[in-house]
Amino acid sequence: MKVVTVVGARPQFIKAAVFSRALAAQQISEVLIHTGQHYDRELSDVFFESLTLPRPAHQLGVGSAPHGQQTGRMLELLEPALQEEAPDWVVVFGDTNSTLAGALAAAKLGMPLAHVEAGLRSFDRSMPEELNRVLTDHAADLLFCPTQTAVDQLAKEGLGDRARLTGDIMYDALREQLPQAEQSDIVSRLELTAGQYALATVHRAANTDDADALGRILAAFSRLDETVVFPAHPRVRAAMQSAGLTVAENVRVIDPVGYVEMLALERSARVVLTDSGGVQKEAFLLGVPCVTLREETEWPETAAGGWNVLAGSDSDRIVEAAKRTAPAGEPPSVFGDGRAAECMVEFLRDDPSHGERRG
Ligand code: UD1
Ligand code: UDP
């Protein structure tokens with residue numbers, strides 16, 4: 001059996017690293033295609049190096065562009081690459097433009113397609129990611145769901161027969177890399193004290209393309225009593241610059257960090273503030289209170305017990321949620337057993353449609 005995995009953005013490299021190891025463990029051959037959606041070293045190469053992800057056999061080098069153009073360019077370059085590789089399965093992750101392009105290219109070529117992180121919904125169609133995930137789910141033959149909520153959602157959309165509950169691959173990644181994160185010295189290198197700082201990330205279009213929203217978020221960070229470490233995605237840095245937005249002295253804007261360093265910063269933070277899907281979930285899994293800088297989440301399970309609070313881009317709500325005391329006890333276990341990738345590989349291997357696309 002031969003699998004082609006299509007990746008392009010930071011969180012996909014993290015997921016693909018775990019998935020690659022699960023394929024290799026079953027002696028299944030894999031070819032990686034990198035669309036080039038993320039290209040800066042700290043958003044791409046660092047993950048290939050530190051997570052020992054195989055080098056992509058195809059680097060499409062698409063780069064940044066408006067949505068239609070970026071997705072269209074990917075599609076044009078993916079088609080011949082997939083034809084050349086002739087895989088038994090094409091696998092895509094998450095909800096980025098690279099996910100949608102990979103899904104469309106495979107579906108148009110009649111190649112069996114599997115979607116990792118299927119069934120997640122924000123129910124906000126103005127979000128580019130919501131369109132990407134809905135369209136990808138409807139194009140795919142196998143839908144790997146991180147949670148029962150996702151399985152139930154797919155059933156409501158008439159996709160129940162393709163859905164498989166696997167657990168969350170990001171939990172696999174976290175479990176795998178946590179021992180290294182525990183050895184990381186990034187907290188002391190940044191002269192931080194465990195339990196006495198906040199960690200923030202912002203990159204969603206709704207927060208970066210709207211200068212007022214971003215201004216309110218940064219004002220909230222500036223109002224917190226502790227240091228706010230802010231590994232800034234290039235998109236938010238550019239947005240801050242073009243809107244002339246600055247932060248108070250307690251906010252430390254740093255370059256994006258590697259995955260192990262990020263886990264290390266998360267586990268020692270008092271609170272996490274983020275609009276990232278992955279970071280919300282990691283905070284929950286690590287038992288760190290989270291403030292989500294959005295009005296909805298695709299991961300409603302993280303709100304259990306008050307671990308994750310939605311605050312949108314409203315300064316007062318963000319500050320209030322950030323200052324709350326941590327919930328007692330541990331967050332419930334809702335993201336599987338940390339062996340999701342293994343489970344996915346078994347489904348791919350055993351699926352009767354393997355090698356032949358469903359009608
Ligand atoms: C993309 C995904 C988002 C995901 C995120 C992970 C879509 C629609 N969005 O958002 O779902 O959560 O990746 O991080 O696919 N840029 C650079 N260097 C890079 C890449 C991007 O400077 O290596 C800048 C460019 O100015 C670019 C902007 O960031 O225009 C946005 O990049 P893009 O890939 O379009 O979206 P993300 O915000 O990264
Ligand atoms: N991440 C990282 N370095 C950073 C910020 C995030 O390694 O500076 C990791 C984070 O730990 C998580 C993933 O990137 O595993 C989340 O990616 P991102 O926030 O870009 O996208 P999303 O999850 O929202 O799609």
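Computed quantities for the displayed model
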| item | result |
| --- | --- |
| Meets criteria (under 21 Å from the mean Cα position of the chain (by Cα) and either more than 16 Å from ligand 2 (Cβ to nearest atom) or surrounded by fewer than 20 Cβ atoms within 10 Å (Cβ to Cβ) (or both)) for Asp45 | yes |
| Qualifying residue in region 123-139 (condition: of a type in the set (Ser, Thr, Tyr), within 16 Å of ligand 1 (Cβ to nearest atom) and modelled with pLDDT under 95) | yes |
| Residue pairs meeting the criteria (Cβ under 6 Å; at least 6 apart or on separate chains; first closer than 18 Å to Arg237 by Cβ and without any contact (Cβ under 8 Å) to a residue 60 or more places away in the chain, in region 204-225; second among the small types (Gly, Ala, Ser) and within 14 Å of ligand 1 (Cβ to nearest atom)) | Thr208/Ala239 |
| Odd one out for Val18, checked against (1) in a strand (DSSP E or B); (2) closer than 22 Å to Pro256 by Cβ | (1) |
| Extreme residue, nearest to the chain's Cα centre (by Cα), among residues of region 204-241 that are in a loop (DSSP other than H, G, I, E, B) and surrounded by fewer than 21 Cβ atoms within 10 Å (Cβ to Cβ) | Ala232 |
| Helices (runs of 4 or more DSSP H) contained entirely in region 119-188, each with at least 3 residues that are open to solvent by 60 Å² or more (accessible area, probe 1.4 Å) and over 21 Å from Trp89 (Cα atoms) | 148-156, 169-183 |
| Any hit, region 90-97, residues being modelled with pLDDT of 95 or more, crowded, with 19+ Cβ neighbours inside 10 Å and either touching a Cys at 6+ places or on another chain (Cβ under 8 Å) or part of a helix (DSSP H, G or I) (or both) | yes |
| Any hit, region 189-201, residues being in contact (Cβ under 8 Å) with a residue 24 or more places away in the chain, in contact with a His (Cβ under 8 Å, 6 or more places away or on another chain) and either within 11 Å of ligand 2 (Cβ to nearest atom) or not in a helix (DSSP H, G or I) (or both) | yes |
| Scan of region 65-89 for residues that are open to solvent by less than 60 Å² (accessible area, probe 1.4 Å) and touching a residue at least 40 places away in the same chain (Cβ under 8 Å), ordered by number | Met74, Leu78, Ala81, Leu82, Glu85, Pro87, Asp88, Trp89 |
| Filter result for Leu75 (more than 16 Å from ligand 1 (Cβ to nearest atom) and out of contact with any Ser or Thr (no Cβ under 9 Å at 6 or more places or on another chain)) | no |
| Restricting region 242-266 to residues that are β-branched (Val, Ile, Thr) and part of a loop (DSSP other than H, G, I, E, B), the residue that is surrounded by the most Cβ atoms within 10 Å (Cβ to Cβ) | Val257 |
| Filter result (out of contact with any Lys or Arg (no Cβ under 8 Å at 6 or more places or on another chain) and either assigned to a loop (DSSP other than H, G, I, E, B) or more than 11 Å from ligand 1 (Cβ to nearest atom) (or both)) within region 27-45 | Gln27, Ile33, His34, Thr35, Gly36, Gln37, Tyr39, Asp40 |
| Test for Leu286: is it within 20 Å of the chain's Cα centre (by Cα) and either closer than 22 Å to Thr208 by Cβ or within 16 Å of ligand 1 (Cβ to nearest atom) (or both) | no |
| Answer residue from region 98-118, given it is surrounded by fewer than 22 Cβ atoms within 10 Å (Cβ to Cβ) and in contact with a strand residue (DSSP E or B) (Cβ under 8 Å, 6 or more places away or on another chain) and is farthest from Phe19 (Cα to Cα) among those | Ala107 |
| Gly110 vs. criteria within 16 Å of ligand 1 (Cβ to nearest atom), of a type in the set (Gly, Ala, Ser) and in contact (Cβ under 8 Å) with a residue 24 or more places away in the chain | no |
| Region 267-278, subset part of a helix (DSSP H, G or I) and more than 15 Å from the chain's Cα centre (by Cα), residue nearest to ligand 2 (Cβ to nearest atom) | Arg267 |
| Meets criteria (polar (S, T, N, Q) and at pLDDT 95 or above) for Thr325 | no |
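The values are calculated or read from the model by the stated rules, or taken from the named source; none is laboratory data. Bear in mind that the values here come from a model prediction, so they are computed numbers and not experimental data. Don't worry about glycine lacking a Cβ; one is built from the backbone with ideal geometry, like all the others, and counts go over all protein chains shown. Surface accessibility is based on the protein's heavy atoms, side chains included, excluding ligands, DNA and RNA. Shrake-Rupley method; radii C 1.70, N 1.55, O 1.52, S 1.80 Å.
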